[in-house]
Each structure stands twice: as structure tokens, then as C-alpha cells.
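The values are calculated or read from the model by the stated rules, or taken from the named source; none is laboratory data. Because the structure is a prediction, the values reported are computed rather than measured. Methodologically, a virtual Cβ is constructed for each residue, glycine included, from the backbone with ideal geometry; neighbour enumeration extends over all protein chains shown. All accessible areas refer to the heavy atoms of the entire protein, side chains included, with ligands and DNA or RNA removed. Shrake-Rupley method; radii C 1.70, N 1.55, O 1.52, S 1.80 Å.
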Amino acid sequence: MKYKLGTMAIAAIMAAGPVMADLVFPSLSYRTGPYAAGGIPFADGYQDYFTMINARDGGIGGVMTRVVECETGYNTEKGVECYEATKGEGSLVYQPLSTGITYQLIPKTTADNIPMHTMGYGRTSAANGDVFSHTFNYPANYWNGASGAIKYLLDENGGDLSGKKIALVYHNSAYGKEPIRTLEELSKKHGFELSLLPVDHPGQEQKSQWLQIRRDRPDNVIMYGWGVMNQVAVQEAANIRFPMENFIGIWWSGSENDVLAAGAAADGYKALTFHNVGSDFPVFDDIQQYVVDAGEAAGAGDQIGTVLYNRGLYAAMLAAEAARTAQGIHGVADITPAMMRDGMEALEITEARMTELGMPNFGPAFKVSCENHGGPGLVGMTQWDADTKTWSMISDFGPSDMEVIQPLIDEDSAAYAAENNIASNC
Amino acid sequence: MPEQLIFAMEVFLNGLMAGVLYALVALGFVLIFKASGIFNFAQGVMALFAALTLVGIMNGQVPFAHIINATFGTDLHYFGWTVPGLLAILLTMGMMVLLAWCVQRFVFRHLVGQEPIILFMATIGLAYFLEGVGDLMWGSDIKTLDVGLPQGINETIDEVTFGWFGYGFFIDNLDLVATLVAAILVTGLVLFAQYTKQGRAMRAVADDHQAALSVGVSLNFIWILVWSLAGFVALVAGIMWGAKSGVQFSLSLIALKALPVLMLGGFTSIPGAIVGGLIIGVGEKLFEFALGPALGGATENWFAYVLALIFLVFRPQGLFGEKIIERV
């Protein structure tokens, strides 16, 4: 009887005690609703990477990882609910995958001492780590994207854009408006004429904007769109016979979803990127072996190698590497969110390390610091081939114009610091 | 002719075409509201569901494949055949009739005599239910809809207008087809309502369902008929909008485009839906063209509602709606 009671007591303590053997990575996903087509591949890639390192490496530093998924439906209120519901699980880093949710979580994560990674979205000036202690947006942000597009056009035009007309077609939201200041500054610097064409949510009807483009005949169109806005814009561009090679989307307008509906007409469309495309990387062999063949693929397992799947995979790799860095800094395997933040701030991604991880040239090499949470802002260009239905990189990851971007980051973050009485973090 | 006037004419024509597409969505609302007094919040989702079903059938997709695979450990996604567009449309129509029967049998039959707000709330529930079922049946990915509809600039109009004005107008072939389809649809609906027994019964129910009931009209049958017709209209709208953007879950949001049309045209008038759509389409496009740049652009969404509100001030029942007089 005593033995039985003792066994029960131990079992009860084990059950009631905190789960020590997991590194928790929450995934604020959206697998339902109007933006599900974009949310699913990212969430699948994020989950599959952690499934793979659990099976292949036994987790990170000997500690297994656990992905806690919470459905936001790309809705800001639900995203905040997800954060509140999952932060108690020991969540190490949040990736809200929504600019709206990001804005809500910046003060919350700072107060709760939990880091947040907003890769290629969110508040651009969060790159200033001196002000935004818990928000990171490496390796690139919206302003790097805008600058990357102009740099690409400069390269295409022999370094001279004076007298050129460039139109920005953008989602009429905080996200879509992000590049305007940067493009206005770049317009002054390089002498091109910038026209702004907002598209209201959700963007199913864009006839007015594309009729205007047809009348104004800009040399190039840059698009900051998301969801159905992208597909309609590509179709409308094809309808008015705007040359696809002169049409550049930001990375949120550059997935298979955005071009397949337009069929052959989308051939040649370009999109910026901060990570590589396709599945021709050794890591995908491991995904196949340890995840797909083991029957552990996230979702339907049909997104592997797509642009947004790769983005989720890349985000997971960066999170895992930051966790590994944190373990090294603090000398413990079972890290806390605060330690994770330190790991993110000390993260260095080198080409050698990416090759070691089976992801050579999958993204740019970069280093994060206390002052710079945004990395160097290297962006590349991809192009869609409608025949083979594939995206391919057509430029290397190149620098953006920090001479223009850095003052904007400083100005915006200083305003945020003043509003919120934030002292220097570094 | 001044350049701006020529551009305005092009915008006007494109506004008319956009209005037809809005009207296609509004028609479904009108049909159900007219016959049953229910404002069907689920009309946009019905268009999505119909389009998803159509593409699923055409591509030979296995419905509920994720659930089947997760339950039985199979790896089924496609049957391995494709179905021609016309046959797929007929099969989808069958599906929409089945849906109408289910809606009537399992939802509204139990809500007879309830307040309109209760019925409206039921349609909200129906919208979320249908969206979920659509996701489970066919998945959330964006699907390409190809039923052979032409897209892109109409060369003839481009050439003719270029000859006249020195500037070729852009008119999308898909919009021209939508206009033709809408014309056929409205004519068909009017003829059906005027000259068939079922159509007359439908109108009788719309006028006074208790009186219709007393002369032997089956309310159940009429409501199933009306929901089926709304399902058919939803399918047409789903095809037209789905051809533009691919079939995806944001298709359900097209209902937002129909609301100002209904406010303007009236909730009970089929011609009202058409005229309302045209006024909204032209109004928002011309406003954007004339004042959009000065106001920062993206005026279309809010302007459509402002226009509808202005009409409401002067004609609360809408342009063609029935004026309700209640005596105390």
C-alpha cells in the first residue's frame, strides 16, 4: 500500500510539475479566413523545421522543441488573445505574422520580457534596438524592400532613374503605407517621379488604379499588397498589358499564390525577397526523411518548397539558431524568454553556418547587435516563370540604401521613445 | 475632345461594368429578401462555396480529403479525372439545390414565425458554418478557375475608340461577358417570376405568405426554390469574381460590395439591384477619377456607402423598393 501511495505521489508530482524538457516556440498562424492561403505555408514551414530538428538532432542543445500553434485568422484581436493564452507556456519568441498584431504586441512583449521577431513585416523602426529592446526585424524590413526595389531599378537603368515614372500600388493600411516615406526620399535623391495608388481592403476591385496606370504609363510599378489584392493586381496588370518584368512586388506579393491565378500572363513578374526560393537545398532532404516520410508533416504536407513555406522554414531556423546562441551565452540548455532575447541580440548567421545547416545561401549572412535589431537589410530579387511555375533568384542579396533608411529609422524610433518614455537600452 | 473627358468616358464605361458585377452579388440578396424577408448574410459565402465546389468538381478533387486522410491514413487528394466546365456547373447547381434544401430543412423550418433579427442571426451562423465546411471540403488554397471565359482588353473596342478619339478604351472581355450573363440572368428571373406557376407562387409568397399558404402554396417548396435560385445567382457571381482573382476565401467579402447597391436599389427589387449596381459602379469610379487624387485615393469603398446613404435620405426604401405603410 505504501509502495502504491509512493508511486502515485511521484506520478502526481511529475504530472503537476513544470514541463522542463521543452523549448516552446509559439506559432501565431492563420489557417482559416481570407488570408489562409498565405498563412498555411508559413505555419507549415515553421512547424516542419522544429519537427525535423527534434527528430534529427534531438532538439536544440539536447532539449526538445515544441511548437504551440494558435489560430489568429490574421485578426489583430485574436492575435493578442493568442499571445495572452500562450505566453504562460514559456514561449521563447513570438512571430505574429501580421503588422497589426505586431503593433499591439510591442509594448506587451517588452513588459513581459519576451522577444518578438517580425521578419520582413511589422514596425520598421523596431530595427533600432536601442529603443525597441524586445522586437527584432532582421534580416530585412519594409524600408529595405522599398530601397531594394529602387536599387534594382537603378542597376537596370545604368544607375540613373531621373525622369522615370514609378507608381506604388499599395494596400491602404499601415502595412501598405510603410514604404511611402522611403520612396519619397529616394525619389528626391534619384529624381524619379513617384505616384501613389492606394487600394482598399481587400483589393478585389482595382479597376480605377489600373486604368490610371494605363493612362499615366509609369515605367515601373512597385506593389505592397497582400492576399487577394496581389492576384487581382497581377491579373489587372496583364489585362492592360503592363510589362510584367517592370512590375515588382514586395516579398508579401511574391508567392505562388499571387501569380498562379493569372496563368501565363504572369510570366516575368518580379518580387523582392530576403531568403532563397525553391527546394534545391540539402535541408529539404532532411525534411523529407525526418518529417514527411515519418508522417509528421504539418498541415497537408503539400506546401514544401513554396515561397512562403521557405519563409516559415527560414524563420524557424533563425529562431533555433538564436536559441542555440542563448544556450551558449548563458550556459544552460533550458533557456528562458529573457535568455532567448539575449540570444537574438547576439545572433550571427554566417554562410558557413547556413551551409552546415543544409541551407547554403538560403538567406543573407548577417549579425545582430544591441543597437541594430534589423540586420544589414540585404534583399534580392526573384522572378516568376509561368511555364515551369517556379520562382527563381535573379539577383544576389544586396545592400539597401541605409543612407536614406537609417535617418528614417532614427526619427521614427526617437518619436516612439519620446511617446513612451523609453530610455536607451544599449 | 479634351483628354480628361475622354478618360472620364472610359472610366464611366468601366464603372458600368463594375456595377454589373456588384449587381450580380446583390441579386441573390434580393431574391431571398423578397420571398422570405430574410436578409441573407451568407450570400457572399454562398458565392464562395459555389465557386469552391465548381473548381473542386472540375479538378476531380476529393472532398473532405484532409479528414479522410487523417482518419484512414490514406493519401487521397484527387480522383484522377477532370470534369468539363458545363457539366461541373450543373453538378454544382445540384449541390446548391441540396444546400437550399438543407438550409430550409435544418434551419429555417425551425424558425418560422421568428423575428427578422433572429432569422438574420441564423444567416450569420450559416455564413460561418458554410465557410468552415467549404474549407474542410475543398481546402484553403487559392484555386484557378478556368471555365473558358475570355479575359483582357477587348481589341475591337480598343481599336474603334482609338479611331474616334485617338485613345483606345480599356474594356475587359470578362466584364463584357458578365454584363451579358447578368442580362440573361435578369431576363430569365423576370420571365420565371411572371410566366411560370412556381414563379407566380413565389411572387404570391413574397406579397403575403399567409395568404399564399391559405390557397395551397407550399411555403417549404417556395423557400427551397428561392434559396436554390439565390444559390444559382451566387454560383454565377462566384464564377465571375473567381475568374478575376482565383477562387479563395476572400471571395466571401464581395458581399460588402453588394450592400450599398441594396441600400440604393431597394431590397425587394430585381431591376433595383441592377440599376443600383450601375449607379454605385459609375459613381464610385467617376468620384475616384475626379477627386481621388486630391483626397489621397482609395475613395471607392466609402464613397459607395456615402452615395447609398444620400439616396436613403430621400428614398428610405431605396430607388425601387416597396414603400411600407403601416397603419396604427
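Values as computed for the structure displayed
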{"read-out": "Flag if A:Tyr35 is touching a helix residue (DSSP H, G or I) at 6+ places or on another chain (Cβ under 9 Å) and at pLDDT below 95", "value": "yes"}
{"read-out": "The range A:371-391, residues that are touching a helix residue (DSSP H, G or I) at 6+ places or on another chain (Cβ under 6 Å) and either at pLDDT below 95 or not in a strand (DSSP E or B) (or both)", "value": "A:His373, A:Gly374, A:Gly377, A:Ala386"}
{"read-out": "Residue in the range A:211-226 that is open to solvent by 10 Å² or more (accessible area, probe 1.4 Å), within 30 Å of B:Gly238 (Cβ to Cβ) and not basic (Lys, Arg) present", "value": "yes"}
{"read-out": "Criterion: surrounded by 24 or more Cβ atoms within 10 Å (Cβ to Cβ), more than 8 Å from every other protein chain (Cβ to nearest Cβ), touching a Ser or Thr at 6+ places or on another chain (Cβ under 9 Å) and not polar (S, T, N, Q) - qualifying residue of A:Ala237, A:Ala233", "value": "A:Ala233"}
{"read-out": "Residue in the range A:342-351 that is of a type outside the set (Lys, Arg) and free of Cβ contacts under 8 Å to residues at least 12 places away in the same chain present", "value": "no"}
{"read-out": "Number of the condition not met by B:Ile171 [criteria: (1) buried (at least 23 other Cβ atoms within 10 Å of the Cβ); (2) within 13 Å of chain A (Cβ to nearest Cβ)]", "value": "(1)"}
{"read-out": "Qualifying residue in the range B:191-209 (condition: surrounded by fewer than 20 Cβ atoms within 10 Å (Cβ to Cβ) and among the hydroxyl-bearing types (Ser, Thr, Tyr))", "value": "yes"}
{"read-out": "Conditions (1) surrounded by 21 or more Cβ atoms within 10 Å (Cβ to Cβ); (2) touching a strand residue (DSSP E or B) at 6+ places or on another chain (Cβ under 9 Å); (3) closer than 30 Å to A:Asn257 by Cα; number of the one not met by A:Val368", "value": "(3)"}
{"read-out": "The range A:10-32 - residue that is surrounded by 24 or more Cβ atoms within 10 Å (Cβ to Cβ) and within 14 Å of chain B (Cβ to nearest Cβ) and, of those, modelled with the lowest pLDDT", "value": "A:Tyr30"}
{"read-out": "Qualifying residue in the range A:280-287 (condition: surrounded by fewer than 21 Cβ atoms within 10 Å (Cβ to Cβ), modelled with pLDDT of 95 or more and at the interface with chain B (Cβ under 10 Å from one of its Cβ atoms))", "value": "no"}
{"read-out": "Output for the range A:163-196, where each listed residue is within 14 Å of chain B (Cβ to nearest Cβ), open to solvent by less than 10 Å² (accessible area, probe 1.4 Å) and modelled with pLDDT of 95 or more", "value": "A:Ala167, A:Leu168, A:Val169"}
{"read-out": "Selection status of A:Val259, assigned to a helix (DSSP H, G or I), crowded, with 17+ Cβ neighbours inside 10 Å, touching a residue at least 12 places away in the same chain (Cβ under 8 Å) and assigned by TED's automatic domain parsing to the domain that holds A:Asp57", "value": "no"}
{"read-out": "Out of B:Gly56, B:Gly80, B:Gly94, sole residue that is touching a residue at least 12 places away in the same chain (Cβ under 8 Å) and either more than 22 Å from B:Ile142 (Cβ to Cβ) or not in a helix (DSSP H, G or I) (or both)", "value": "B:Gly80"}
{"read-out": "Hey, A:Lys207 of a type in the set (Lys, Arg), over 18 Å from B:Ala294 (Cβ atoms) and at the interface with another protein chain (Cβ under 10 Å from one of its Cβ atoms) or not", "value": "yes"}
